[in-house]
Amino acid sequence: MLRLTLLRLPFFALTIAVSSVLIFLASEVLPVNVGRNMLGMFAPQQAVDALNHQLGTDLPLVERYGRWIGKAVSGDLGNSTSQHLPVGPLILRRAGNSAVLALAGLSLILPFALVLGTIAGLTAGRAPDRVISLISLILTSTPEFVVGVLLLLVFAVHWRILPGSSALIGAASPLSVPSKLVLPAVTLALVDIGYIARMMRTSMIEVMASPYIRAARLRGYSATRIVFVHALRNALVTPVTVIMMHVNWLIGGIVVIEAIYAYPGLGQLMLSAAAAKDVPVLEAGALLFALVAAITQLLADLLQAWLQPRLRSAAA
Amino acid sequence: MRTLQHFSGGAVPLLPAILRRLGRSKAGLLGAAIVLFWVLAALLAPWVAPYPPNNLVGPATQGPSTLFWLGTDDLGRDVLSRLLWGTRSVLLLAPTAVLIAEIIGAAIGLASGYLGGLFDQVIMRLNDALIAFPTILLYLLIIAALGPSRVNVVLAIATASIPGIARIVRGVVVSLRKRGFVLSAQMRGESLWYILAIELLPNVRRPLLVDTLLRLGYATFSIGTLGFLGLGAPPPDPDWGGMVNSGVRWLSVSAWMTAVPAIALASLVVAINLIADAFEEGARP
Amino acid sequence: MTSALVDIRALSVDYATHDGLLHALRGVTLEIVTGEVLGIVGESGCGKTTLGYALLGDLGPNARVKGVARLNERDILAMTRAELIAMRGRRVAMVPQSPGDALNPARKIGDQLREVLFVHSRLKGAQATARICSLLEKVHIPNPQAIMQRWPHELSGGQQQRLVIAMALLGEPELLVLDEPTTGLDVTVEAAVLDLLAELRRDLGVTIALISHNLGAIARACDRVIVMYAGLIVEAGTAAEIFARPRHPYTKALLECVPRIDRARSAQQPVPIPGNLPNPFAALSGCSFANRCAYAVFDCLAEQPALLPISEHHAAACIRWADIAAEPVAPKPGEAVQISSTDRREVMRIEELDVTYHVRGTKGGGGILKAIDAVSLDLAQGQVTAIVGESGSGKSSLASAIAGLRPADAGAIYLDRKLVHWSLRRRAGWTRKFLQMVFQDHTSTLNPELGAGRSIDRAVRLLGGARGSAVRARTAELMQKVGLDPTTAFRKPSELSGGQRQRIAIARAFAGRPELVICDEITSALDVSIQAQVIAFLQSLQRANGTSLLFITHDLGVVRQIADEIIVMYLGTVCERGPADAVFSGPNHPYTQALLESVASPDPALQRKHRPLAGPLPDPAERRIGCPFKTRCPKRLGTVCDTTGPPLRSAGDRHAIRCHIPVEELDRHWTPVAGTHISAAPKNGVDNISGVIGQ
């Protein structure tokens, strides 16, 4: 296992590197004059040029990339051009909030999705499956913002039992006002439950049709034993790895949900940064997201290998 | 061992098979009906919509009335008309983006999978890195960089889809390239183009078809989301996502201008996924 | 009178499918007697597997069942779920096809074994471990404690098979059902498994039902045999009776087309059975075999005959069984073996060919493994050379290397006396016309999305130089030469049978009139009668065109039928080569001898004494030093085998053996040993030659 981890690391590093290049290039295409942005419209051109030179925005592309990476690695991510705050702590705080939201969502998604998916898989074709599959399909097809808007309509506008906005004062933690976390977390959960339940269902059906399950049945094992001792572990492999790679989608959902509910997370920060063309925040935020995504993909790979012993001895 | 050695029911041409599979599933038919409805709405919008979509024709944020069947939005525009015209946008952009992505992605996957070697390795690493990159970020970066417009939406969605498609196609090609019929083609001296286009491509058709259907749903989903985030087609053109966005702050006043496009979008994506599901179920023997 | 353990009456099983009702079993009546080994033999589609699963009550939700299958008075097919769970594993156990599939890949072997024991007898802990280890020893799995810590994928095919058999026995069942237990196993491994079954029957008294299409295995292992065709039993009797005096035309035809290693090529020719299987979706009118039967008369079309008794232990479902009795099984004589003379044109030659690949060792070591190690051979025009070996011998790598599909790391390949590049892509155009290949897997040899004849058209165009309508004509001609209706060219490969697809592949290979065709295990996945058909057409094309054939196979019977010359490979080296008759009569390399002895012949009277090959395979690094067979050779001389590569010694005209033992001391070929049927096999297979009745 250790060897496998070490083998995967170069690819991980490569993924991060490529991501950082992409982010850098994308933000380079932005028609932004950093100096002008910081000093405002009325500052004299001389001052703007001087600031640009000081910031190094007139250096060649490769050099600027190098500088940025170098600074990023050492923890200096520059200052936000729109909020005039250091980017590092800002991002980390927001990222923390997003993480809270993500975890809240996941804690709802996982038990429901896995259980419902298993039931659907085991009763494939029959009534419980049809119902679960239909609901899953509707949930997974409905964009987050639609779910969010509808939930808002019902719980915040019509019945008024939950707050419609999750904006927080200053640097407060979302956990301090739990009711503000409910709707965003539930929205996040609803969309993903459908997807993961379907994944689990398919996996379960495949596993139950595999020859070793039939062999177990032929040995006179009870249905309970077959499902819990043999089928589940193998059926969980694909969904678990999918869940981990799903972080990609989760991040997307988080951005949208934070937009709907004005939740002070990293996603909302990115959106406002995009609108304000705040390059340092965009770059640093994107880099953080990419880092998280790459880490989870690495963990997903390793987890898959751990669950499938056959892959452990195979080469990278 | 299959007992039908001599008598297996044969494989039949693709299109009739698709339609037959759809026909077998009630859900699939429902999905097809819904999609058809929206397609008709898009085609007939210029004649059926009661008002021009961008004109201020009435009092703002009204609920449904005899004049305005679905109410008005925050600027006084007719929701129904905007809904119908907005259909054109969604139904044009999603298939375009998916089609472009499928063509490019398939080409990359075919070449990479068959040629192997360094070329394949490089492409696959780039691919993996792109897939790992959060999709919404990709959209954000592209549109923030290039500006919100219809073309850029298509570009963003296509770019985000290509790596996934390439990976699927490559996977199929890699599993096929050591098969007897490919080796036989090599041994009789077929050219590279023949092998890629005539021997391999038809075998990629089926998985690609399923993927296309699913991706259509996801592209529609994404167009809605981008519109909602303000990254889609710029105002004043009717865009369902954008309509939801502008309506959110008026939820307590009039929910119609928000709920209508939201549900419309959801119905379209659900319908596409129902079709994709029915097709996939039917594909299994 | 011994009691019937299982009593099946008028069992019929239909499956409801999209395409209609599939008739898998059409009314089967049989008894399985306690303590016997019953062989259930037949080709694809005969229903034998369905019968096997019926014994376990596991027919699937879309099965429509009629009739009874009684296990000691209780009908299996009427059992409740709970009763079935109680019965399975404890009273009836199944060893399914493909042993690797029966094991959970994500659990250690020890855990899976303990689980079986716990479920069936509630045994745990040290007691359980002891019982498991003793059973593992009984099935000859070495080092049981270590094996229990391993994962299923770490075991070889033979070991997996033994393991699954052990698992089936842990419940101490009364009846053991084995579904194709030797498919996919090497010949020597197969022989060992069959020996094991005999031992188990003797030591544990378990009743065995052996389902197989391998006539040789059935002949060796079974007391009684039933022959199935199209969902019916067509003949039943003792093994001796069935194989020596078959009374049903199908059985007879089957025995006539099975390739035998004890008959020279001049004495046997592949004789396919004409016609096709009846449609499994249609009801039968008349005898199921009538449309293919050489003895069919008008009355045969009236109704399916019942099993008519012939003697106390022999019955056949044929109204003309008495007439068939008059004609013994007599395969058609074939052509004599051609000894290639030196003035024949050389078509292909390889010198010191190496093909290597990197391998991961078991403990993190490992290194370079040579699939082929300095192999040289040549082929003359019109000659048929067979390359024989088991898995790991390198024969398929050799075929791929010569074809240019796999890189050779050293050595030279000459086609038509001209040196060619190892890579297909870098070879000149004429080589494509010169050399063609037919592949093993008939399911992937044709593009599933294109018409079946498309690749023949392309071959005709590219290699045969035809244009326009001439292409169509030539394709039709080729298809007729392999016995196919030209309209088959427009159907999709999935509509065709394995035999038909393989025949198209052969037609395609001969389209450009090549000088050399390589056949890589082309019939391994086909039924016996289909195999006969394919080989027959291959031979006719080969003879008509004067093409040389390089025929890769593990089936020595087929080798005997078609080869002029034989090359025996072991772990990448050639250990023996020579004209077919010479190699089959001896003297032989010890490995060749082991192979010949292991082959199960469809003649119970003809069972050989064989020595199971014991011992591990040598490590990759050690393989190149000395003789590769040193770790398993029953005739090992001593340290010379470990240190020095054996010399190539001549054993006759063009017959060479690579061994340290002088040719005179190598045994002449096996002699048919009368009466050493499996029921009298010695306790652990290690023999002493005394007591063998010579020819």
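Every number in this text was worked out from the coordinates using simple rules, so none of it is lab data. Please read all numbers here as calculations on a predicted model, not as lab measurements. Glycine also receives a Cβ, built like all others from the backbone with ideal geometry; neighbour counts cover every protein chain displayed.
What do you get for trypsin sites (Lys or Arg not before Pro) in the stretch A:74-133 restricted to DSSP loop and a cutoff of at most 11 other Cβ within 10 Å of the site's Cβ? Those that pass, being in a loop and sparsely packed, are A:ARG126.
Close amide H pairs (under 5 Å, H built 1.01 Å from N) link C:CYS519 with C:VAL438, C:LEU550, C:PHE551, C:ILE552, residues at least 5 positions away or on another chain.
Of all segments of chain C bounded by trypsin sites (Lys or Arg not before Pro) found in a DSSP loop with no more than 11 other C-beta atoms within 10 Å, the longest spans C:125-344. Here the protein assembly as shown carries DSSP beta bridges of which approximately 65% are antiparallel, counting only pairs with both residues inside.
Where is the GNM fluctuation largest for chain B (alpha-carbon springs, 10 angstrom cutoff): B:MET187, B:MET257, B:MET243? Maximum among the listed residues: B:MET187. Here is the P(r) of the protein assembly as shown: all C-alpha pair distances, binned every 10 Å from 0, give 2, 8, 14, 18, 18, 15, 11, 8, 5, 2, 0, 0 in whole percents.
What number in nm² do you get for the stretch B:11-283 if you take the convex hull of its Cα atoms and divide its surface by four?
The Cα convex hull of the stretch B:11-283, projected and averaged over all directions, gives 16.9 nm².
Summarising the label geometry, the points placed 7 Å from Cα in the beta-carbon direction at A:VAL182 and C:TYR357 lie 6.1 nm from one another. Against the main long axis of the alpha-carbon atoms of chain A, helix A:2-29 sits at an angle near 40°. Backbone phi angles across the stretch B:161-173, fed through the Karplus curve with coefficients 6.51, -1.76 and 1.60 (θ = phi - 60°), yield HN-Hα couplings of 8, 3, x, x, 5, 4, 5, 4, 4, 4, x, 4, 5 Hz in residue order; Gly and Pro are listed as x. Say a site is exposed when it is one of the trypsin sites (Lys or Arg not before Pro), sits in a DSSP loop, and has at most 14 other Cβ atoms within 10 Å; what is then the longest site-free stretch of chain B? The longest such stretch corresponds to B:3-177.
Computed over the alpha-carbon pairs of the stretch B:84-172, the distance histogram in 10 Å steps reads 18, 41, 29, 10, 2, 0 percent, short to long. Taking loop as defined by DSSP and a crowding limit of 15 other beta carbons within 10 Å, which chymotrypsin sites (Phe, Trp or Tyr not before Pro) in the stretch A:138-246 fit? Qualifying residues, ordered by number: A:TRP159. Between the listed residues A:ILE196, A:ALA223, A:LEU137, the Cα displaced farthest toward the positive end of the dipole of the stretch A:115-245, a dipole computed from Cβ unit charges relative to the Cα centre, is found at A:ALA223.
Using 0.36 nm per residue, how much length does the chain from A:LEU14 to A:SER165 gain when fully extended, once their Cα-Cα distance is taken away?
Extra length available between A:LEU14 and A:SER165 comes to 50.4 nm.
The dipole here belongs to chain C: it is taken about the Cα centre, uses +1 on the Cβ of Lys and Arg and -1 on the Cβ of Asp and Glu, and is about 1620 debye. GNM remark for chain A: springs join alpha carbons under 10 Å apart, and the peak mean-square fluctuation among A:PRO178, A:PRO128, A:PRO60 falls on A:PRO60. Mind checking which of A:SER141, A:SER107, A:SER210 has the largest fluctuation in a GNM of chain A, springs on alpha carbons under 10 Å? In the Gaussian network model the winner is A:SER210.
Bridges between two residues of chain C, per DSSP, are antiparallel at a rate of about 65%.
Annotation: the antiparallel percentage among DSSP beta bridges lying fully within the stretch C:143-282 is about 55. Taking every residue in A:145-157 and counting other chain Cβ atoms within 10 Å of its Cβ, the average works out to 6.
Our estimate of slack between C:ASN62 and C:THR644, defined as 0.36 nm per intervening residue step minus the Cα-Cα distance, is 203.2 nm.
Placing pseudo-labels 7 Å out from each Cα toward the beta carbon at C:GLN145 and C:THR17 gives an inter-label distance of 5.1 nm. The mean number of partner chain beta-carbon atoms within 10 angstrom of a residue's beta-carbon across peptide C:445-454 is 5. Charge dipole (Cα centre; +1 on Lys/Arg Cβ, -1 on Asp/Glu Cβ; no other charges) of the stretch A:119-213 amounts to roughly 180 debye. Charge tally for B:VAL260 (other residues, Cβ to Cβ under 14 Å; Lys, Arg +1; Asp, Glu -1): -2. Phi angles of the stretch C:511-525 translate, via the Karplus equation with coefficients 6.51, -1.76, 1.60 and θ = phi - 60°, into HN-Hα couplings of 4, x, 6, x, 8, 9, 10, 9, 10, 9, 6, 6, 10, 4, 9 Hz per residue; Gly and Pro are given as x. With a 10 Å cut-off around each Cβ of A:208-217, the average count of Cβ atoms from other chains is 6. Projecting the Cα positions of B:VAL122, C:GLY20, B:SER267 onto the charge dipole of the protein assembly as shown (unit charges on Cβ atoms of Lys, Arg, Asp and Glu, taken about the Cα centre) puts B:SER267 furthest along the positive direction. Each Lys and Arg contributes +1 and each Asp and Glu -1, all at the Cβ; summed about the Cα centre of the stretch A:88-276, the dipole is approximately 600 debye.
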